[in-house]
1. Out of (1) assigned to a loop (DSSP other than H, G, I, E, B); (2) more than 28 Å from residue 114 (Cβ to Cβ); (3) not polar (S, T, N, Q), what's the single condition that is false for residue 283?
2. What number of residues within region 286-342 satisfy the criterion of being out of contact with any Ser or Thr (no Cβ under 6 Å at 6 or more places or on another chain) and either more than 24 Å from residue 112 (Cα to Cα) or not in a strand (DSSP E or B) (or both)?
3. Could you check region 326-348 and list, in sequence order, the residues that are among the small types (Gly, Ala, Ser) and either surrounded by fewer than 16 Cβ atoms within 10 Å (Cβ to Cβ) or in contact with a Leu (Cβ under 7 Å, 6 or more places away or on another chain) (or both)?
4. Can you report the number of residues in region 229-254 which are without any contact (Cβ under 8 Å) to a residue 12 or more places away in the chain and outside any loop (DSSP other than H, G, I, E, B)?
5. Please go through region 241-280 and pick out each residue that is polar (S, T, N, Q) and within 19 Å of residue 227 (Cβ to Cβ).
6. Working carefully through the options 214, 203, find the one that is surrounded by fewer than 19 Cβ atoms within 10 Å (Cβ to Cβ), in contact with an Asp or Glu (Cβ under 8 Å, 6 or more places away or on another chain) and either farther than 27 Å from residue 352 by Cα or among the basic types (Lys, Arg) (or both).
7. Cβ-Cβ below 7 Å, separation at least six or inter-chain, first residue in region 264-280 and within 15 Å of residue 338 (Cα to Cα), second part of a loop (DSSP other than H, G, I, E, B) and among the hydrophobic types (A, V, I, L, M, F, W, C): which pairs?
8. Which residues, taken from region 257-273, are surrounded by 17 or more Cβ atoms within 10 Å (Cβ to Cβ) and either in contact with a Phe, Trp or Tyr (Cβ under 7 Å, 6 or more places away or on another chain) or part of a loop (DSSP other than H, G, I, E, B) (or both)?
Amino acid sequence: MAPKKKRPVLHAVTVLALLGASGWLTVELKKDEQAKAPAVQAVTDSPQLQSSTGQKGGKQTWERLKNPERTVLRGEAGQVLATFTDGARTATLKGPSRTFSEPANTKSRVVTEDWVRLMPETWRKGAENEKWFKDWFKEFYGSEEDDIFAYAFQYVEGAPVKKDDEGLQYAGDAFFGPFKEDGVDRLEQNDFYDYLGTPYTFRDGTTLQAHQERLRSLDCSGFMRMIWGYRGRFPLAATNKIGDGLRRTADGMARSDIGVDVIKLQGPAPWYTRPKNIDVVQPGDLLFFKMDHRTGNHMDHVALYLGTDTDGHRVFVSSRKEVNGPTMGDKGGASRIDGNGFYAGLLRSAKRL
């Protein structure tokens, strides 16, 4: 049985987000998503596509940038329509505007045209001319199918339950984890298969069993593995040491050679130093924090960067003990990396998958 939440009273509208079917999920999940998806909260004019994609649009240009090495697609007015980073599968595309909010835990609202998706291959210079990319881009640029942001908000407080045709719940309000014996702290090591309540076999053949007492629970890294791996189909390693793919813990993710380190760890261990410049981060990046002296030089927390909220703050969503689950809220520290707040002061690195 899932643990009881210690959360504020449920707000009538918790998340206003575009929910649809995922191009990476099974046909069964697609049917379920389409049947239960709420309506779009807000839509603005979508960026126009270039003629080479087979859709209407004005003149567009590809440009190479550095730090990190990346390719951007610019519109006729010079605006960035899409960003692709060398060595990463993450693509940030402009699309219909959406609003993400969590009224029960914060006044912060993110109104964004950024859609974060995974490409089938890692980006490399000149990939815009390759067939695999042209096919993928034509399908997903301007698409309203679920992206990484939509997945993330399917686990915050009040998110509707979603089940596949076999009755397995794969989305809906998640817990961080059950209480420890002390009744104060909460258990960690709650992975996506614990949320699902079913065994999971990884690509290398390793099968791990779900802990039934952790049903519907996702710790900070388990939350990332759920939205990027189980939902987004990014390869997953069974543990930090077994298999290849996105590792099990925040520290394992931060130190792996997967993706691109857009902000590298700097300064002396075990605390390292806060980065002086965070302008390099873009929506969809993983953020890593050093929070606990008891864990030595390990990174203790991982979050998904959302971008700038309507008050101009750089905000994120992560699974946290204070609200017992995924949140972009303020309890235990505002979910911001700018200013001098709790999490801002503990940010240490960032990665683009």
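1. For residue 283, the failing item is (2).
2. Number satisfying all stated conditions: 32.
3. Once the filter is applied, which keeps residues that are among the small types (Gly, Ala, Ser) and either surrounded by fewer than 16 Cβ atoms within 10 Å (Cβ to Cβ) or in contact with a Leu (Cβ under 7 Å, 6 or more places away or on another chain) (or both), region 326-348 yields 332, 339, 341, 345.
4. 0
5. Answer for region 241-280, where residues must be polar (S, T, N, Q) and within 19 Å of residue 227 (Cβ to Cβ): 249, 256.
6. 203
7. 278/337
8. Matches in region 257-273: 258, 259, 265, 272.
Every read-out reported here was derived from the displayed coordinates using simple, explicitly stated rules and does not represent laboratory data. Because the structure is a prediction, the values reported are computed rather than measured. Reconstructed Cβ throughout: ideal geometry from the backbone, glycine too, with neighbour counts over all protein chains shown.
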